[in-house]
Amino acid sequence: MNLRLLLISILSVPHCGTFAQTNDDYNENQFPPRPTPAWVDMVDQGSNDLRLAGIRTPAGIKVEIVAEEPTVIDPVGMTFSDDATPHVLQWTMASESRPETYEVTFRNGETATINRMWKNTRDELKTLQDRDGDGVFDTTEVLMDDLEIPSSVLLHDGWTYLSSLGHVVRRKQSIAGGAYDLGEEVVRGLCGFHHHQASGMTIASDGSMFITSGDDDNRAEGSDGSRATVLRTGAIFRCNSDGSQVHEFARGFRNPYRDVAFDPYGNMFHVDNDQEDGSKFQGVRLMHVLEGADYGWRLFAGAVCCRTDFVR
């Protein structure tokens with residue numbers, strides 16, 4: 001669907017205009033909840049499974065639990081291999097965590113200080129299997145247990161890509177079935193602050209990779225020394241799958257978390273995790289992302305993360 005058809009589709013939705021008729025105060029952290037549109041029939045999924053009571057979705061959608069504790073605990077990212085095996089990132093509970101910084105040295109000798117979170121435990125990448133064929137994943141295999149607060153996982157061309165504390169790395173096995181003992185840093189110098197850090201990784205139809213990164217300073221350097229600097233705002237970067245030829249694609253996001261998506265015509269779409277008070281989202285934006293565009297959001301002067309600079 002091209003942009004014109006998309007806009008026609010949106011404008012033709014009944015009652016859609018009611019969402020724009022608000023008197024919201026953008027200096028507040030939380031908007032009042034919107035009423036459910038009259039044309040949406042919401043159902044409680046507890047009617048199918050009592051464990052899902054309170055989870056409401058539009059009619060016609062069925063939610064099923066396919067994995068739960070102890071098979072998965074705090075899953076934060078997932079992708080599928082070519083044979084449809086789920087690969088799941090799992091965070092582990094820490095007894096100690098804190099904000100900190102670390103220094104990145106670029107190829108030309110320059111350095112930069114990256115804000116990040118630290119915790120005293122490591123995280124895992126595991127696969128899930130349904131051994132008895134009942135539709136519930138009941139067995140796991142841990143592939144990596146030494147990860148540091150990873151955001152996303154991508155499988156491409158024999159490599160396992162991982163985004164986390166200000167960079168994107170990729171790892172693979174030198175011997176099939178063995179340890180993931182080969183690895184390299186693909187892009188460094190990105191925002192590294194917790195869930196606003198580098199996250200989404202998407203391979204486009206032309207083989208290039210798109211990386212999303214949050215609202216702290218981004219001083220991206222690719223594997224070939226190419227550089228792209230975007231300060232005080234989130235950004236989407238493009239590079240080759242080996243990290244070379246990194247450059248800015250779009251900016252002006254608060255936290256463009258997870259992967260971008262493409263329609264059949266090559267149009268890019270994404271959602272921006274905008275302004276929350278810690279419990280609910282406010283003003284999350286669905287965007288048609290254009291190359292070179294600036295979507296306006298800026299980080300408050302002196303803040304490490306999250307605060308809107310309403311003046312800018």
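The values are calculated or read from the model by the stated rules, or taken from the named source; none is laboratory data. Remember, it's a predicted structure, so these values are computed and weren't measured experimentally. Positions of Cβ are generated from backbone atoms using ideal geometry, with glycine treated the same way; all protein chains shown enter the neighbour counts. All accessible areas refer to the heavy atoms of the entire protein, side chains included, with ligands and DNA or RNA removed. Shrake-Rupley method; radii C 1.70, N 1.55, O 1.52, S 1.80 Å.
For the stretch 153-164, give me the residue count where each residue is open to solvent by 10 Å² or more (accessible area, probe 1.4 Å) and closer than 20 Å to Cys305 by Cα.
Qualifying residue count, the stretch 153-164: 1.
The conditions are (1) part of a strand (DSSP E or B); (2) open to solvent by less than 40 Å² (accessible area, probe 1.4 Å); (3) not β-branched (Val, Ile, Thr), and Pro150 fails exactly one of them. Which is it?
For Pro150, the failing item is (1).
So, Ile55, is that one among the aliphatic types (A, V, I, L, M), under 25 Å from Asp130 (Cβ atoms) and touching a helix residue (DSSP H, G or I) at 6+ places or on another chain (Cβ under 6 Å) or not?
Yes: the conditions hold for Ile55.
For the stretch 106-126, does any single residue satisfy the condition of being surrounded by fewer than 13 Cβ atoms within 10 Å (Cβ to Cβ) and more than 30 Å from Gly225 (Cα to Cα)?
yes
Would you check which residues across the stretch 40-57 are open to solvent by 50 Å² or more (accessible area, probe 1.4 Å), in contact with a strand residue (DSSP E or B) (Cβ under 6 Å, 6 or more places away or on another chain) and either closer than 27 Å to Gly200 by Cα or modelled with pLDDT under 95 (or both) and list them?
Met42, Arg56
Being open to solvent by 20 Å² or more (accessible area, probe 1.4 Å) and modelled with pLDDT under 95 is the requirement here; does Asp277 meet it?
yes
If you check Thr202 against the conditions, is it over 18 Å from Val153 (Cβ atoms), hydroxyl-bearing (Ser, Thr, Tyr) and out of contact with any Pro (no Cβ under 9 Å at 6 or more places or on another chain)?
In short, no.
If a residue has to be open to solvent by 30 Å² or more (accessible area, probe 1.4 Å), assigned to a loop (DSSP other than H, G, I, E, B), closer than 21 Å to Thr111 by Cα and not acidic (Asp, Glu) to count, how many in the stretch 223-266 make the cut?
The number of residues fulfilling the criteria is 4.
So which residues in the stretch 180-216 are over 30 Å from Ala303 (Cα atoms) and in contact with an Asp or Glu (Cβ under 6 Å, 6 or more places away or on another chain), if there are any at all?
none
Just to be sure I understand, how many residues within the stretch 200-217 are surrounded by 24 or more Cβ atoms within 10 Å (Cβ to Cβ), out of contact with any Gly (no Cβ under 6 Å at 6 or more places or on another chain) and modelled with pLDDT under 95?
1
Go through the stretch 182-222 and give me each residue that's of a type in the set (A, V, I, L, M, F, W, C) and not in a strand (DSSP E or B). Quick ask: steps written out before the conclusion?
The first filter runs over the stretch 182-222 and keeps only residues of a type in the set (A, V, I, L, M, F, W, C), leaving 182, 186-187, 190-191, 193, 198, 201, 203-204, 209-211, 220.
Within the stretch 182-222, Leu190, Cys191, Phe193, Ala198, Ala204 qualify.
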